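K.L.:
Dropping the structure in here first, questions after.
All of the numbers you see were taken from the coordinates with simple rules; none came from a lab. Owing to the predicted nature of the structure, the values given are computational and were not obtained by experimental measurement. All Cβ positions, even for glycine, are placed from backbone atoms using ideal geometry, and neighbour counts span all protein chains on display.
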There are 2 protein chains.
Amino acid sequence: MPKLGMEPIRKAALVKATIVEIGRAGSLDVTVSQIAKRAGMSSALAHHYFGSKEEMFLAAMRHILTLYGAEVRGALVAAEGPEGRIRAILRANFSPTNFRREAVGAWLNFWVLSLSVPQAKRLLAVYQRRLRSNLIAALRPLAGVRAGEIAESLGAMIDGLYLREVLKSGAPDGAAAAAVALRHLEAELARGA
Amino acid sequence: MPKLGMEPIRKAALVKATIVEIGRAGSLDVTVSQIAKRAGMSSALAHHYFGSKEEMFLAAMRHILTLYGAEVRGALVAAEGPEGRIRAILRANFSPTNFRREAVGAWLNFWVLSLSVPQAKRLLAVYQRRLRSNLIAALRPLAGVRAGEIAESLGAMIDGLYLREVLKSGAPDGAAAAAVALRHLEAELARGA
DNA sequence: GTTTTTGTTGATTGACGAGTCAATAAACTT
DNA sequence: AAGTTTATTGACTCGTCAATCAACAAAAAC
């Protein structure tokens, strides 16, 4: 009973399943059959819609990055004032969403994937630039010309804290990470004044 | 013409070859045959000495961590004064060695591996604690009771800067990364005073 | 000098997995 | 109604790969 207009639905299901399976495996070592099964279809259909496993990975990566972008944007609209905007960005970066199994698996594995797949590296670069410009925009009123360099260090701090939170055993603590990042920011701002 | 006492030689060659192959592939998706071939022996011999691929990976990881530890220690013995010790640690972390293809591949992939292999997670934890205690020891004279929290943020900063340097396209710049880390440190110290 | 230990490999096994294809069927077009 | 497009899968191909094994060779032990 083939209904029409299945393509977007199937693709969305496959993308979601891909991310879940990567999270479960903790690696990109997942089979198309696993993914297809979780998405409720045959592996042949997965190939029909995506052509190859790599395309599936890239689509999954786009999806993760889109979600991440949406979370940042969502946090930003509710934010007031420069400091509020910074806090919003930190909140989005260290939200529980990003510490879920699937998100962690996706991020770490996509970093690795970007070592060997140029397309993946490009996707990552786009989002890094976006974070950077968000940070700079929020920092400008607070730090003036130093906004650029502070955005750079704060960005690195965010990545580093996330990585550590994710690699350590035990439950991750996003709030603590955000607090450390905020302390870093205050110190940098104080230094400039 | 089997010479005796081959075991350590063969194992060392395999460990080295494993790291090189992971660097070339940019992932853990390397075959035992590739590794064995690069190490100049049959894949059967590789299995003979290590039993399984996972054991090879773990041995490679131990080796990378040992090299890293040695580099830090080596930089520390030549260092004078608390600030000199911090600088030494930064220099070791951002040395060209750690930006070589093999090292990058090893680090990123071992982070990923630690998501699914507890043994790998444990190895990583040992070295993270060691870095932490090195940092605290050097920071104590400079920061007193705040040494702990500053070590935490500086450690995260180091990881974050390394990650960004490694993921960006173009030649990595360890010196620039070290400079940013140092600026962070100064800001934190100034804040305390 | 025979037995044991160590080193070594080619061949094989057994499994798995990406991607293809032919076939079936429902829905839309003309 | 005939033809086309979309959805769907089971079966299959072709390749790969981790791990095992039997067999051979040299040194050491006895």
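K.L.:
Are any of the residues in the range A:37-50 polar (S, T, N, Q) and in contact with an Asp or Glu (Cβ under 8 Å, 6 or more places away or on another chain)?
P.N.:
Checked against the condition, which is being polar (S, T, N, Q) and in contact with an Asp or Glu (Cβ under 8 Å, 6 or more places away or on another chain), the range A:37-50 yields no hits at all.
K.L.:
Taking the conditions exactly as written (away from every other protein chain (no Cβ under 11 Å), of a type in the set (Ser, Thr, Tyr), assigned to a helix (DSSP H, G or I) and over 15 Å from B:Ala156 (Cβ atoms)), does A:Ser133 satisfy them or not?
P.N.:
Taking the combined requirement at face value, the residue satisfies it.
K.L.:
Restricting attention to the range A:145-193, and to residues there that are in a helix (DSSP H, G or I) and among the basic types (Lys, Arg), which single residue is nearest to B:Leu161 (Cα to Cα)?
P.N.:
A:Arg164
K.L.:
Could you list all residues from the range A:159-193 that are among the hydrophobic types (A, V, I, L, M, F, W, C) and facing chain B (nearest Cβ under 7 Å)?
P.N.:
Within the range A:159-193, A:Leu161, A:Leu163, A:Leu167, A:Val180, A:Ala187, A:Ala190 meet the criteria.
K.L.:
Continuing with the same structure: Only one of B:Ala46, B:Ala39 is away from every other protein chain (no Cβ under 14 Å) and within 13 Å of DNA strand D (Cβ to nearest atom). Can you tell me which?
P.N.:
That would be B:Ala46, the only listed residue that is away from every other protein chain (no Cβ under 14 Å) and within 13 Å of DNA strand D (Cβ to nearest atom).
K.L.:
Checking the condition within 16 Å of DNA strand D (Cβ to nearest atom) and of a type in the set (Val, Ile, Thr), which residue from A:Val77, A:Val72, A:Val32 passes?
P.N.:
Criteria check complete, one pass: A:Val32.
K.L.:
If I filter the range B:68-89 down to residues being within 13 Å of the chain's Cα centre (by Cα) and surrounded by 15 or more Cβ atoms within 10 Å (Cβ to Cβ), which single residue comes out as farthest from the other protein chains (Cβ to nearest Cβ)?
P.N.:
Here the answer is B:Glu71.
K.L.:
The conditions are (1) surrounded by 15 or more Cβ atoms within 10 Å (Cβ to Cβ); (2) in a helix (DSSP H, G or I); (3) without any contact (Cβ under 8 Å) to a residue 12 or more places away in the chain, and B:Ile64 fails exactly one of them. Which is it?
P.N.:
Against the list (1) surrounded by 15 or more Cβ atoms within 10 Å (Cβ to Cβ); (2) in a helix (DSSP H, G or I); (3) without any contact (Cβ under 8 Å) to a residue 12 or more places away in the chain, B:Ile64 comes up short only on (3).
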